[in-house]
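Quick notes on the structure that follows.
Laboratory data are not the source of any read-out in this text; all were calculated from the coordinates shown. Not measured: the values here are computed from a predicted model. For neighbour counting, all protein chains shown are included, and Cβ atoms are generated from backbone atoms with ideal geometry for every residue, glycine included.
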Amino acid sequence: MIFHSKNGEDEYINLLAHGCGQLPAAEFDYDSSNDPIVLRGILKHKIMKRCWKDQRDFYYMDTGYFGNTRWKQWHRLVKNNLQLTYIQPRSGDRWEKHKIKFQPWQHGRNIIVAVPDEKPCKFYDIDLNQWIDQTIATIKHHTDRPVVVRQRAPNRVDRIATDTLAQALSDAHALVTFNSNAATESVLLGVPVFTLAPSAAAPVGLQDLSQIETPYYPDQDKLYAWASSLAYGQVHVDEMKNGTALEIIEL
């Protein structure tokens, strides 16, 4: 397995590699082997797209789906994709350890459009401003509800303290996003979602904006199965250190 750590400086790839008893690779020759590649960050898109083309396995690491507050201790680890886009049958034990409660579905007034970052726009080759304009136009074609565009606060401290998604969703009818992790948080907060690209929240949301007035409200059994699946699709930094991370997602 090749643990691709750019310039040997990727802290989390290095942790995972050492936990697996291997050394990270600051550089590697893609054609020198057919071993699975472990990489972190969506800007590794050229490698991922080549793996898809060649049907070569890779593991993608990025911010976890839930459980991170002030520090990023949880990281999603996905085989051959950016996010876990379907529900895998899994025990609820890892989910229950988070002690997160699903909030009751709310029925507010506004449509919140969570704008994607530049990185996924590059990955999917979309123009950000064009996406925003087209998305708002489509929403307004199907509803007269107010549309509120939310740009993610660049500072993580602000995102978890003074400019939180929970605050933005206080009077929300639904959240619309591209593939942002905001969709997962929105479902946990009781606001239905529409995802317009492959997303971890896809199994508990809709993708067709013509249904904006009638969002999907999954029942508790569906939500529990979904959250349990995601809990087995992310790992803690301690699990990277002790070498169990890859075992957990391969269960």
In nm, give the distance between the simple-model label positions of His18 and Ile87, each being 7 Å from the Cα along the Cα-to-Cβ direction. 3.9 nm
So which of Lys44/Lys72; Lys46/Lys79; Lys46/Lys72 end up more than 18 Å apart by C-alpha? Lys44/Lys72; Lys46/Lys72
Could you tell me which of rounded, prolate or oblate describes the range 58-150, using a ≥ b ≥ c as the square roots of the eigenvalues of the alpha-carbon gyration tensor, with rounded for a/c under 1.5 and, failing that, prolate when a/b is larger than b/c and oblate otherwise? oblate
Which of Ala182, Ala197, Ala174 fluctuates most in a GNM of the chain (C-alpha springs under 10 Å)? That residue is Ala197
Helix-only CD estimate at 222 nm, as mean residue ellipticity for the chain, using -39500 (n - 2.57) per DSSP H run (n ≥ 4): -9000 deg cm²/dmol
From the phi angles alone, apply the Karplus equation (6.51, -1.76, 1.60; θ = phi - 60°) to the range 128-134 and give each ³J(HN,Hα) in whole Hz, x where the residue is Gly or Pro. 4, 5, 5, 4, 4, 4, 5
Please sort by residue number the GluC sites (Glu not before Pro) in the range 195-251 whose DSSP state is loop and whose Cβ has at most 10 other Cβ atoms within 10 Å. Glu250
Only loop residues by DSSP count here, and only those with at most 15 other Cβ atoms within 10 Å; note down the GluC sites (Glu not before Pro) in the range 1-84 that meet that. Glu9, Glu27
Here the FRET efficiency for Thr244 versus Thr143, based on Cβ atoms and R0 = 41 Å and rounded to 0.05, is 0.30
Using the 10 angstrom Cβ neighbour count as an exposure proxy, how do Arg70, Arg145 rank, fewest first? Arg70, Arg145
By how many degrees, between 0 and 90 and to the nearest 10, does the Cα long axis of helix 45-54 differ from the longest principal axis of the chain? 70 degrees
